[in-house]
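What follows is a set of notes on a single structure, which appears directly below.
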Amino acid sequence: MLDYRTWHQKTDIATLTQAVWLCLLFCVALLPTSLTFAGDIRDLRVWRSPDYTRVVIDVDSHVEYSVFVLENPHRVVIDVSDSRMFADIAELDLADSPVKSVRSAARNQSDTRIVLDMDGAVNPSSFTLPPSEEFGDRLVVDLYDLGTEPPARPAEMTPTSPAGRQTIASASQRNIVVAIDAGHGGDDPGAIGYDGRIREKDVALAISRAVYERLRNIPGYEPVMIRQGDYYVRLQQRPQLARQNRADIFLSIHADSFSTSRAEGVTVYALSQTIAEDENIRRVAEKENSADLLGGVSGDTSLKNFEDDLALTLLDLSMTWSIEQSVAAGSYILNSMGTVARLRRDVPQQGNLWVLRSPDIPSLLIETGYLSNPTEAKRLNSADYQRRLADAIVQGVMNYFYERPPEGTLVAWQKANNQGPDRQYVVQRGDSLSLIAQRHNVNMSQLRAANSLRGDIVQLGQTLTIPGGGPVPVVSAPPTVSEHTISRGETLSGIAQQYRVSLSRLREANDLRNDTIRIGQVLLIPAY
Ligand SMILES: [Zn+2]
């Protein structure tokens, strides 16, 4: 869309021909009847976070604006220059927010005044955002609750303490804190599904909640949610919240999308060493203002207590340790996730990702699958699959920490005393009770007793308790795709049955339109 400023730029170009000049003049003469204001307001959205309310205003282009507060009664006034209101502000969902109502009026012939009627006083903080893939220009006004300062402090986390089965040990042994970061949120939907409806922020939050629910019932673990609802938390703030909660590991949960619908599977990322080195140099340069801690190396020591070269050495040591641990934890998680999902890469990838830049906390970003792939998107959007993925992530986390328990934790004590925690296991295709017992290093009668089973029959999808007492098993390598060469007399449905995969999955893996197959044809057998 051409706006007023675009026309002015055009008139600066001296090489335009006389004809174009005439045309331009003609058009400009017509402008008043079809005038477009620079910052016309297209939409207005309100999101509530634990300690602030975010108001996002979609505008047609970068805008001049001012924000101020009025008292008696409390109001926040947003004046947007050169704009008209096209947003439907009558139908806004203001539930749970301190905004009681939103009004707007034209002002000075060219400006728009937006008035937010508030329940109480707030501290506004505002900024503009350039267009992104998802949205155009935006004006963002964050209304901080009184008593909180921008940037917001973390919400008080009150994780339920795990069942007191190991009271003797847990009195003196601390829990392992797992920070679960559901990616995106609020006005940032993340990736959008193939159908335009499934959103990454919702899938990420659902899986994160399932991870939280699973972990809070496991003795020795204390999960913490970085975001607990549909609101945005700044990228820089996410690792900070993890640190404030003294997290032992930081897991950022996401879902991917790609330009083709075929991409599928799980990818796990850790920070790369080169990026880490650049980041350390930056941190040292900024250390006077930095609240960075070196928890992994020297307790809660602020960087500013050190000379530059020593600070850099400490950071490098800490970051190297943290990346090494991240990659190890990522391998355990991938191993475990491979039992329920296809893996796009079966080793952790290393890259430049903001949320992973903690020098002192092993940090991973888990892309749980592709929303651009209809089959995978539907699966990711189902509560059952979300729970199975979450269980697998938790199993991977437990396997990692059982291998490398932080000192002073209940898990370290359990390992030293050969007392693994009870674990949950979801029965997979092809499992039998004896196979499960064997794989988890428990005997059949223990397993039957722990699950009140009379016989040996287990159902697909049934959750079994694996009794503690032995070491946590290392999950076997994920099943890989195999091939099958068709012999005389075979049918597609027979082959599907033979490999315990669904007919539709088999068709999809081989790009088959129908069930016709030829002798000698080689079929790919999907892993699940
Ligand atoms: Zn994401």
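Throughout, read-outs are computed from the coordinates displayed, never taken from laboratory work. Every value quoted in this text rests on a predicted model; they were computed, and no experiment measured them. We place every Cβ from the backbone using ideal geometry, glycine too, and count neighbours over all the protein chains shown.
Computed values, structure above
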{"quantity": "Estimated FRET transfer efficiency when R0 is 41 angstrom, pair residue 263-residue 236 (beta carbons, to 0.05)", "calculated": "0.90"}
{"quantity": "Extension gain from residue 349 to residue 503, taking 0.36 nm per residue of separation minus the Cα-Cα distance", "calculated": "52.2 nm"}
{"quantity": "Residue 510 paired with residue 103, simple spin-label distance in nm, labels 7 Å along Cα-to-beta-carbon", "calculated": "7.0 nm"}
{"quantity": "For the stretch 170-403, with +1 on Lys and Arg beta carbons and -1 on Asp and Glu, the positive-most of 349, 317, 333 along the dipole", "calculated": "333"}
{"quantity": "Burial order of peptide ranges 103-112, 359-368 (average beta-carbon count within 10 Å, highest first)", "calculated": "359-368, 103-112"}
{"quantity": "In nm, spacing of pseudo-spin labels at residue 444 and residue 246 (7 Å Cα→C-beta vector)", "calculated": "4.6 nm"}
{"quantity": "Ordering of 179-185, 227-233 by packing [mean C-beta count within 10 Å, highest first]", "calculated": "179-185, 227-233"}
{"quantity": "Computed label-point distance, nm, for sites residue 195 and residue 484 using a 7 Å Cα→Cβ extension", "calculated": "2.9 nm"}
{"quantity": "Potential lengthening between residue 127 and residue 71 on full extension [0.36 nm per residue; Cα-Cα distance subtracted]", "calculated": "17.9 nm"}
{"quantity": "Within-9-Å neighbourhood charge of residue 81 [Cβ basis; K, R +1; D, E -1]", "calculated": "-4"}
{"quantity": "Linear extension gain, residue 378 paired with residue 403, 0.36 nm per residue minus alpha-carbon span", "calculated": "5.5 nm"}
